[in-house]
Amino acid sequence: MPKEIQIKVGFGDQFRDLTVRIQDDDVKPWQPGDRLSLIGQSTPRVDAVAKVTGTANYSYDQKPKGMIYGKILRSPHGNADIVSIDIDKAKKMPGVRAILTTPEIFEDESARYAGAEVAAVAADTEMQAEAALRAIEVEYDIKPHCVTVEDARKEGAPQVGRGEQVNVARISPRQRRGRRGSNSDMDERLARQEAAVGKVIQDSDVVVEGEFSTQVQTHAPLETHGSVCSWEDGRLICWASSQATFGFRNELTSNWGGVRAKSCQILSEYVGGGFGSKFSAGREGVLGALLAKEAGVPVHLLLDRSGEQLSAGNRPDSVQQMKMGVNKDGVIQGTRIRSWGTPGTGTGGAGAHNDGIYNIGEVDKIEYGVRTNTGGAEAHRAPGWPQGAFALEQMMDMAADEIGMDRVEFRKKNDEHPIRKVEYDIAKDRIKWNRSLTRNGGAETCQGLGIASNLWFSAGGGGASALVRITKDGQVEVRNGAQDIGTGTRTVMGMVVAEELGLEMNQVATRIGNTDDPQGPASGGSTTIGTVTPAARLAAYHAKKELMEIVADRKGWDASELDLKDQEVWRIGEGSTGMTFESACALMDDDAIEVLKGRPRRNYEGFSDTNAGVQAAHVEVNQATGAVKVLKVVAVADAGKILNPLTSESQVRGGVIQGVSFALFERRIMDRQKGRMLNDDFENYKILGSMDCPEIDVVLLDVYNGKSNTQVMGLGEPPIVATAAAVANAVSDALGVRMYDLPITPKKVLEAIAKRDAAKEVPAQKKGERL
Amino acid sequence: MAMQKPELLPEDVCPCLRTKTMLLNTEYRRSAFEDAFTADTAFFHCLKTMAYHGPDGDDVCPDGCRPGRACYPQPDEVT
């Protein structure tokens, strides 16, 4: 039965009392004014030293006894079907232990992009495996290809898919297939919507419009995809680079998968980044497991950098056409949106969230997925949001300028989020929004400011458990099988347990990334900390209760009056009893107390179901070279209760860095003639380096939202949403001309400057553009 | 240990269909999963091909991965 409790929810000076129903065995969320010794304190990662000294063992580093190496053969053709594969010569090569072909394993004879998997070899050394790959003879039926959205949308474009698959499909509202739903009904509804919203826009005081495009960004994690697989007495053990240990295991044990292991353990103690691309075992995971089975020894199959860039995922590109009607009082009346993007050889998943942050009036939105002969996209840190925010935030500035309203005030006018309303002012103050800058003048360099917003919506949820073990000699351990892809899970779980037990951080050991431990979540949707920490706190709370009952029984005290603080047993309201934690543990009859608790499935009613965020950027543009330097990004973020400001800041900094990199540098370059990716390495795929990194000023708001006993909201993804948009707005502010395409390369800047200067000679033609 | 079919996968959707949302243990997982069927940023893959197309070459998607499709698993495929 749920129980009712009274809590305070809110932040800053905006608190209110709330009666909430919580699970009957759950513990009350921490309240303002509670005496906490660890929670809210910046605490270095417990694995920081191991990571920076290279002693942390990632999956890539594993070397079980007898391990050999797996390599993957990839198609060099933009679009082909596999006619035959001759492995006879390769099988006889030195050191070769196993060879698999993808038509055999994956029931797939197509190779729809340059980089598609064709075969895999396991051999004693990496060089032997690569030599064997070269000896495999493949006959292809080569087909015409197209690798850009522009080409694939053309009439008569080469068909990317097979059968009756067309290159362009409506993905939102989704084009119905088979017996589910009527497309003609939907077409009629969309036509009515277009007419109605079109009239709203037309009747508005001001209309602005633009076409915006963003590029394909690969995930580019430092540790590539794959695993080291070993079969031991019929059990498959995988050291996997995964952001979903239990999901990875499910794919390898499923009755319908290619591996069908009866028993499987996934180990992901350290993961070198995932950013959304490591939920599935992938073809490389299946091939690694099957090669190890066939070879009879452990196999190391983690992708090389080229394979990673070609096949392991990317953020889809986008072309977004937007038209917005605004009244002179600053209220947006309606918005028309059409977008196209390529997720690779499929059509789903290429949408852009350009309608989710502000109230943009009546909306007429249709999105299309465009099939191309390119490596498949995957969820990429806030899927669809950075590209959508880029277009939306340009439109917000254009509209504000058109009606002569301050750009921040215009946003406030169309934004009802209670937290973001405060965050705007913090960002304005920290970036010095009203400062005087050299803009759009004759000087060689000019500067500008830009602002943009985040939105997120996850407080975690049920389905995760934690095991807390307190031993008779005072050792404490907490376990959960989820991985840590940079969230600081290992550290924060330990902090929560130490806080509940009144201990120091170094008195609690944390074990994660092991599917033999209690169920944990995939690291997706920014839900990891919000999901595992309530389970950890609940398990620690009940372990403490058991310990206090033992102490009370032995000492003749009332257990309900006891608590643990400062490593001692306290009487609530009175102070320390003088009994140390170790002395209390020594009173146990058994060797240990073990408590396994599941996180309450439902989140509680709280302050807000969403978290917000505002970012402001200050840039300098060299008008002679076109080079953009981001000088500073102010990132105001909220994520419920901030358990560890240091790891939270780290999340925000990571998002901003990846966002600036998206704004200025990263892009997949395809050779339209050959159908191949040209920059499938880190030499030619430019990622922001240390010299490109701006000053990042992180401001964290501590929000008591009451959604769970730790009150955590998601923070991994939201910080990347606004960054590129804010940078682009700042560049436009500096130059006095709108930037429509990402990344903002020197070439595009110089072209924009030339366009601006040419336009000075004639009156502005395009409504909404600041010239 | 082998999972017969992911929890909350609608009854007649192919058991080979996978998407990220299946792995997220959110309180709103049911609605989130259903949302994934119409979401514009959801990717689906097939356990057999480990690709965005099924063994028949057509797209993996909630509407399409239904009984009647050539590659839809037969009952006797279940081990």
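The values are calculated or read from the model by the stated rules, or taken from the named source; none is laboratory data. Note that the structure is a prediction, hence the values are computed from the model and not measured. We place every Cβ from the backbone using ideal geometry, glycine too, and count neighbours over all the protein chains shown. Areas reflect the complete protein model, heavy atoms only, side chains present, ligands, DNA and RNA absent. Shrake-Rupley method; radii C 1.70, N 1.55, O 1.52, S 1.80 Å.
Under 14 Å from a label point 7 Å along Cα→Cβ of residue A:747: give me every residue in the stretch A:645-683 with its amide N that close.
Answer for the stretch A:645-683: A:665-672, A:678-679.
Leaving out same-chain residues fewer than 8 places away, which aspartates and glutamates sit with a Cα under 15 Å from that of residue B:48?
Result set, ordered by chain and number: A:104, A:107, A:108, A:109, A:117, A:251, A:284, B:56, B:58, B:59, B:77.
Along Cα→Cβ, 7 Å out, is where each label goes; now give me the distance between the ones at residue A:438 and residue A:51 in nm to one decimal.
That separation, rounded to one decimal, is 4.0 nm.
Across peptide A:105-117, how many C-beta atoms of other chains are within 10 Å of each residue C-beta, on average?
Partner-chain Cβ atoms within 10 Å, mean over residues of A:105-117: 3.
Under a 1.4 Å probe, what is the accessible area of chain A per residue, stated in Å²?
For chain A, the per-residue accessible area is 37 Å².
Sorted by packing (mean other beta-carbon atoms within 10 Å per residue), highest first, where do A:32-41, A:607-616 land?
Going by the mean number of other Cβ atoms within 10 Å, highest first, we get A:607-616, A:32-41.
Between residue A:472 and residue A:586, how many nm apart are label points set 7 Å from Cα along the C-beta direction?
Taking the two extended label points, one gets 1.3 nm.
Are there GluC sites (Glu not before Pro) in the stretch A:585-680 that DSSP puts in a loop and that have at most 16 other Cβ atoms within 10 Å, and which ones?
Listed in order of number, the matching sites are A:605.
Let me confirm one metric for peptide A:248-261, namely the mean number of other chain beta-carbon atoms within 10 Å of its residues' beta-carbons.
Other-chain Cβ atoms within 10 Å of each residue's Cβ, averaged: 5.
Can you compute the modelled spin-label distance between residue B:56 and residue A:294, with each label point 7 Å from Cα toward Cβ, in nm?
2.9 nm
Would you list, by chain and number, the lysines whose Cα falls below 29 Å from the Cα of residue A:747, excluding same-chain residues fewer than 8 positions away?
Answer for residue A:747, where 29 Å is the Cα cut-off: A:154, A:323, A:629, A:632, A:674, A:686, A:755, A:760, A:766, A:767, listed by chain and number.
At 30 Å minimum axial length over the Cα atoms and a Kyte-Doolittle cut of -1.0, report the qualifying DSSP H helices in chain A, or say none.
Helix filter hits for chain A: A:528-555.
Using alpha-carbon positions, what is the distance between the centroids of the stretch A:644-704 and the stretch A:509-553, in Å?
33 Å
In debye to the nearest 20, how big a dipole does the protein assembly as shown give about its Cα centre with +1 on each Lys and Arg Cβ and -1 on each Asp and Glu Cβ?
1200 debye
Could you work out how far the C-alpha centroid of the stretch A:198-267 sits from that of the stretch A:400-420, in angstrom?
36 Å
Determine the sum of side-chain charges near residue A:247: Lys and Arg each +1, Asp and Glu each -1, restricted to other residues whose C-beta is under 9 angstrom from that of residue A:247.
Residues close to residue A:247 contribute a combined charge of +2.
Based on the alpha-carbon gyration tensor of the protein assembly as shown and its eigenvalue square roots a ≥ b ≥ c, which shape applies: rounded if a/c is under 1.5, prolate if not and a/b is larger than b/c, or oblate?
Oblate, since a/c reaches 1.5 and b/c is not below a/b.
Do you know the Lys pair count in the stretch A:358-490 for C-alpha distances under 16 Å, with sequence separation 8 or more or different chains?
4
Order the following by accessible area, largest value first: A:11, A:275. Probe radius 1.4 Å; ligands, DNA and RNA are ignored.
A:275, A:11
Summarise the partner chain shielding of A:343-354 as one whole number: the mean count of Cβ atoms from other chains within 10 Å of each residue's Cβ.
If you average over the peptide's residues, the count of other-chain Cβ atoms is 5.
Which value, in debye to the nearest 20, describes the size of the charge dipole of the stretch A:172-247 about its Cα centre when Lys and Arg Cβ atoms bear +1, Asp and Glu Cβ atoms bear -1, and nothing else is charged?
Charge dipole of the stretch A:172-247: 500 debye, to the nearest 20.
Under 10 Å from the Cβ of residue A:517, count the other residues' Cβ atoms, weight Lys and Arg +1, Asp and Glu -1, and hand me the total.
Net charge around residue A:517: +1.
Treat every Asp and Glu Cβ in the stretch A:111-224 as -1 and every Lys and Arg Cβ as +1, leave all other atoms uncharged, and give the resulting dipole magnitude about the Cα centre to the nearest 20 debye.
740 debye
Tell me: how much accessible area in total is hidden between A and B, 1.4 Å probe, Å², nearest 100?
Roughly 4800 Å² of accessible surface disappears when A and B pair.
With r as the distance between the Cβ atoms of residue A:576 and residue A:693 and R0 = 41 Å, compute the FRET efficiency 1/(1 + (r/R0)^6) and round to 0.05.
That gives a FRET efficiency of 0.30.
Compare the peptides A:133-144, A:291-302 by average per-residue count of other Cβ atoms within 10 angstrom and give them in order, highest first.
Per-residue Cβ counts within 10 Å, averaged per peptide and sorted highest first, yield A:291-302, A:133-144.
Let me make sure I get this right: for the stretch A:70-143, a, b and c are the square roots of the gyration tensor eigenvalues over alpha carbons, sorted descending. Under 1.5 in a/c it's rounded, otherwise prolate if a/b > b/c, else oblate. Which is it?
Prolate, since a/c reaches 1.5 and a/b exceeds b/c.
May I ask you to give the percent of accessible area on chain A that is carbon plus sulfur, with a probe radius of 1.4 Å?
That fraction is 47 percent.
Can you give the accessible area of residue A:760 in Å² (nearest 10), computed on protein heavy atoms with a 1.4 Å probe?
130 Å²
In terms of Cα to Cα distance under 18 Å, which aspartates and glutamates are near enough to residue A:3, apart from those fewer than 8 places away along the same chain?
A:17, A:24, A:25, A:26, A:605
Quick one: length gained pulling residue A:631 to residue A:430 fully straight, 0.36 nm per residue minus the C-alpha distance?
Gain in length upon complete extension: 71.0 nm.
Taking the highest mean first, how do the peptides A:102-112, A:326-336, A:56-66 order by number of other beta carbon atoms within 10 angstrom per residue?
Ranking the peptides A:102-112, A:326-336, A:56-66 by packing returns A:102-112, A:326-336, A:56-66.
Gain in length, residue A:457 to residue A:601, computed as 0.36 nm per residue apart minus the alpha-carbon separation, to one decimal in nm?
50.2 nm
If you find the alpha carbon centre of the stretch A:72-99 and of the stretch A:424-488, how far apart are they in angstrom?
Between the Cα centre of the stretch A:72-99 and that of the stretch A:424-488, the gap is 45 Å.
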